[in-house]
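**Student:** Below is a structure I'd like to ask you about.
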Amino acid sequence: MSHKIGHLYGLGIGPGDPELLTLKALRILKSVSVIAYPISERQQSLARTIVEPYLTGNQIEVPILLPFKLAESSQPYYDEAADKIAAHLHQGKDVVVLCEGDPFFFGTFMYLYTRLVDTFPTTVVPGVSSVMASASALGVPLTYRNDIFMVLSAILPADSLASRLAVADAAVIIKLGKHFRKVCGVLQQLGLMERAKFIERAAMPNQKVIPIGEVNPDKVPYFSLIVIPSHLMSI
Ligand SMILES: C[S@@+](CC[C@H](N)C(=O)[O-])C[C@H]1O[C@@H](n2cnc3c(N)ncnc32)[C@H](O)[C@@H]1O
């Protein structure tokens, strides 16, 4: 008799507001026996907080410590997390991995996905990304007609950011943190400061929209981004 293995779900749970989960994500979340989620070194899990209103109370929880920054030294963390999840799947239990925003959009889930997808049946459920949630919260339409839209990581060197932004009609810059000053320098150089909008913790209870010139560069949280809406917006 063949042994039943569990199903793995990478579940996009949106950017923060529990109402921004899809109906599909909610149904799957309630149906599984194991819920895994990333935790920070301080043991906090934003993903768990987002879905807390929907947890049934009798599901097994698997916190997984994942480094926020990907480096070569991150590999053992992903290997260990994948092993933990695989152990439940081998027992025939279905496992959800909670993914803030969308799982395949700069998500840490992707490193687990590549380790597990060949062994276990896997479904990825898309989620509302922070990019979309931020444009909505800021009230700035992102792209019109044939606009070229770019998503850039603030970690890139200033000259790369500048050359890409120079040819984009609209853009979002993520992973700001300590790179905020450098990004502002590039925006100034390109005359984009007027158009750029800053938001932190979009769709979370403590969401803040701050005029970009008033942001304290030493206190830019990880969950923040800059939207540069289409130049056609003002037409
Ligand atoms: C590793 S990426 C994950 C993106 C996520 N998978 C998504 O679809 O939104 C993390 C970056 O996304 C941005 N981000 C994620 N959630 C956010 C939120 N609620 N508000 C503002 N920025 C957010 C930040 O720039 C953060 O540094």
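Values quoted throughout were computed directly from the atomic coordinates according to the rules given, and no laboratory measurement underlies them. Everything numeric in this text was worked out from a predicted model, so none of it was measured. Using ideal geometry, Cβ is built from the backbone for each residue, glycine included, and neighbour counts are taken over all protein chains shown.
**Student:** Order these by the 10 Å Cβ neighbour count, fewest first: K175, K208.
**Tutor:** Lowest count first: K208, K175.
**Student:** With a cut-off of 15 Å, note down the residues of the range 201-235 whose backbone N falls inside the zone around a label point 7 Å from the Cα of K178 toward its beta carbon.
**Tutor:** 217-222
**Student:** Out of L156, C184, P221, whose Cα points farthest toward the positive end of the dipole of the range 130-228 (charges: +1 Lys, Arg; -1 Asp, Glu; placed on Cβ)?
**Tutor:** P221
**Student:** Give, in nm to one decimal, the length gained when the segment between D218 and R42 is fully stretched (0.36 nm per residue of separation minus the Cα-Cα distance).
**Tutor:** Separation in residues times 0.36 nm, less the Cα-Cα distance, equals 61.3 nm.
**Student:** Trypsin sites (Lys or Arg not before Pro), restricted to the range 81-156: which are DSSP loop and have at most 12 other Cβ atoms within 10 Å?
**Tutor:** R145
**Student:** Distance check, please: which entries in K24/K93; K24/K197; K182/K219; K24/K219; K30/K175; K30/K208 exceed 25 angstrom between their Cα atoms?
**Tutor:** Check vs 25 Å cut-off fails for K24/K197; K24/K219; K30/K175; K30/K208.
**Student:** Kindly identify the range 130-228 as rounded, prolate or oblate by the Cα gyration tensor criterion: order the square roots of the eigenvalues as a ≥ b ≥ c, call it rounded if a/c is under 1.5, otherwise compare a/b with b/c, prolate if a/b is larger, else oblate.
**Tutor:** oblate
**Student:** Can I ask one more? Fewest first, what order do E200, E41 take by the number of other Cβ atoms within 10 Å?
**Tutor:** E41, E200
**Student:** State whether the chain is rounded, prolate or oblate according to the following rule on the C-alpha gyration tensor (a ≥ b ≥ c being the square roots of its eigenvalues): a/c under 1.5 gives rounded; otherwise a/b larger than b/c gives prolate, and the remaining case gives oblate.
**Tutor:** Prolate, because a/c is 1.5 or more and a/b exceeds b/c.
**Student:** So, one more: For the range 187-235, just say rounded, prolate or oblate: build the C-alpha gyration tensor, square-root its eigenvalues into a ≥ b ≥ c, call rounded for a/c under 1.5, and beyond that prolate if a/b exceeds b/c, oblate if not.
**Tutor:** Verdict is oblate for the range 187-235.
**Student:** Let me ask another. Can you sort V97, V186, V215 by how many other beta carbons sit within 10 Å, fewest first?
**Tutor:** Sorted ascending by nearby Cβ count, the order is V215, V186, V97.
**Student:** For the residue pair Q91 and T114, what label-to-label distance in nm results when each label sits 7 Å from Cα along the Cα-to-beta-carbon direction?
**Tutor:** Simple spin-label model gives 2.9 nm for this pair.
**Student:** What does DSSP give for the chain in terms of the percent of beta bridges that are antiparallel, rounded to the nearest 5?
**Tutor:** 30 percent
**Student:** In addition: Rounded to the nearest 0.05, what FRET efficiency do A166 and Q59 give with R0 = 45 Å and r taken as the Cβ-Cβ distance? Could you check?
**Tutor:** Computed FRET efficiency for A166 and Q59 comes out at 0.40.
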